[in-house]
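Visitor: Have a look at the structure that comes next, please.
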Number of protein chains: 2
Amino acid sequence: MSTRREAVKQALNEASGFRSAQDLYADLRAEGSKIGLTTVYRALQALSDSGEVDVLRTGEGEAVYRACASDAHHHHLVCRGCGRAVEVEGPAVEKWAEAVGAKHGFTEVTHTVEVFGTCADCSARAN
Amino acid sequence: MSTRREAVKQALNEASGFRSAQDLYADLRAEGSKIGLTTVYRALQALSDSGEVDVLRTGEGEAVYRACASDAHHHHLVCRGCGRAVEVEGPAVEKWAEAVGAKHGFTEVTHTVEVFGTCADCSARAN
DNA sequence: GCCGAAAACGAAAATGATTGTCAAAATAGC
DNA sequence: GCTATTTTGACAATCATTTTCGTTTTCGGC
């Protein structure tokens, strides 16, 4: 893994929530790196391909990334306000998805589950 | 609701699965309509704002729409091959999402759940 | 330490979905 | 029929993301 890619991964690790490619590019430039936007995209692509980071799409269609502590299958509870994300798992959901797929004759069933909310800090700040 | 908007909604109703704005535009033009792409986007925007259609994003970031039979909260089981979608509901998932949010101090919890798979027809065709 | 191939970079151009602009056309109210 | 309002659609503009393509860096020998 190249130095640049390491830098992108580290920038992701330092962030507590999901960040877009553009965000990360801005972060890295802000801390003095001369990295190019293209490289950020390439690094994120590689990292998500190798399963080192999770990707999801915002409602506006922008891709956002996160370095996750667990490499097992899990989902996220994301704060609408600050973007902070908590890793959660739900065996019940996994089973449900599988069962629903099977019931309708679908095979190779996969699923995406994201939970959004306002975290305690952001609720407090909103007062 | 204008005639154009009706046309877009009907095109959606005739489709069995999720369709992108571009798809619908192509469909409408194919059946002789002189509708413009801009109008298709505007109609879909209006329809999704009023909750008459469901929207989700493909992995490539393209927005896809579907006219759903039920106006209650539900999820979709979508075929990766043909795009056909089945409306499903999962009380267990709703409760789980709410519980997980509460456990971590999150309020105003919402969630998105999509299940993907290969439907029986498409599996058969793949042989 | 030095050399060349291969991999990684980055700037700028290309792409593709979506949105904004604005004048023409449909429709409504009178 | 006639003006006021809304809807429409061609076209330009936006914006994230990808491609292209020379340049630079990294590395494995030597």
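Visitor: For helix A:91-103, what angle does its Cα long axis make with the longest principal axis of chain A, in degrees from 0 to 90 and rounded to 10?
Guide: Value to nearest ten degrees: 60.
Visitor: Moving on to the next point. Name the aspartates and glutamates eligible as straight-distance cross-link partners of B:Lys103: C-alpha to C-alpha under 13 Å, and not fewer than 8 places from it in the same chain.
Guide: Straight-distance partners of B:Lys103: A:Glu87, A:Glu89.
Visitor: Compute the separation of the alpha-carbon centres of segment A:1-67 and segment B:17-81 and state it in Å as a whole number.
Guide: When both Cα centres are located, 31 Å separates them.
Visitor: Further, regarding this structure: Let me know the shape class of segment A:71-127, please: from the alpha-carbon gyration tensor, a ≥ b ≥ c as square roots of the eigenvalues, rounded when a/c is under 1.5, otherwise prolate if a/b is greater than b/c, or oblate.
Guide: In terms of gyration-tensor shape, prolate.
Visitor: Sticking with this structure for a sec: Measuring with a 1.4 Å probe in the full set of protein chains, what accessible area per residue, in whole Å², belongs to the protein assembly as shown?
Guide: With all protein chains present, the protein assembly as shown gives 54 Å² per residue.
Visitor: Shape of chain A from its Cα gyration tensor (a ≥ b ≥ c, root eigenvalues): rounded if a/c is under 1.5, otherwise prolate when a/b > b/c, or oblate?
Guide: Taking the square roots of the gyration eigenvalues as a ≥ b ≥ c, chain A is oblate.
Visitor: Across peptide A:18-25, what mean number of C-beta atoms from other chains lies inside 10 Å of a residue's C-beta?
Guide: Mean shielding by partner chains, rounded to a whole number: 0.
Visitor: Is there a simple number for the mean count of other chain Cβ atoms within 10 Å of the Cβ of residues in B:90-101, and what is it?
Guide: Per residue, the average neighbour count from other chains is 5.
Visitor: Using Cβ-Cβ distances only, list the Cys residues of chain B with no partner cysteine under 4.7 Å, sorted by number.
Guide: Lone cysteines by the Cβ rule: B:Cys68, B:Cys82, B:Cys122.
Visitor: Next up: Tilt of helix B:21-30 relative to the longest C-alpha principal axis of chain B, in degrees (0 to 90, nearest 10)?
Guide: Result, in degrees: 30.
Visitor: Taking a ≥ b ≥ c as the square roots of the Cα gyration tensor eigenvalues, with a/c under 1.5 meaning rounded and otherwise prolate when a/b beats b/c, else oblate, which class fits segment B:1-59?
Guide: Cα axes put segment B:1-59 in the oblate bin.
Visitor: Next up: Evaluate E = 1/(1 + (r/R0)^6) for B:Glu94 and B:Tyr41, where r is the Cβ-Cβ distance and R0 equals 41 Å; express this FRET efficiency to the nearest 0.05.
Guide: For B:Glu94 and B:Tyr41, the calculated efficiency is 0.85.
Visitor: Show me you know the interface measure: the accessible area buried between A and B, both chains summed, probe 1.4 Å, in Å² to the nearest 100.
Guide: 2900 Å²
Visitor: Cα axis of helix B:3-14 to longest principal axis of chain B: angle in degrees, 0 to 90, nearest 10?
Guide: 60 degrees
Visitor: Here's something else I'd like to know. Which distances in nm, rounded to one decimal and ordered from shortest, link the label point of A:Arg80 to the equivalent label points in the other identical copies, with labels set 7 Å from Cα toward Cβ?
Guide: Relative to the other copies, A:Arg80 has label-point distances of 3.2 nm.
Visitor: Continuing with the same structure: By per-residue mean of other Cβ atoms within 10 Å, what is the highest-first order of A:80-86, A:49-55?
Guide: A:80-86, A:49-55
Visitor: Expressed as a whole percentage, what fraction of the accessible surface of chain A belongs to carbon and sulfur atoms when a 1.4 Å probe is rolled over the protein heavy atoms?
Guide: 48 percent
Visitor: Treat each spin label as a single point 7 Å out from the Cα along the C-beta direction, and report the A:Thr110 to A:Glu60 distance in nm.
Guide: 2.6 nm
The values are calculated or read from the model by the stated rules, or taken from the named source; none is laboratory data. Small disclaimer: the values here were computed from a predicted structure and weren't measured. Virtual Cβ from ideal backbone geometry, glycine too; neighbours counted across all protein chains shown. Calculation scope for accessible area: heavy atoms of the full protein, side chains included, ligands and nucleic acids excluded. Shrake-Rupley method; radii C 1.70, N 1.55, O 1.52, S 1.80 Å.
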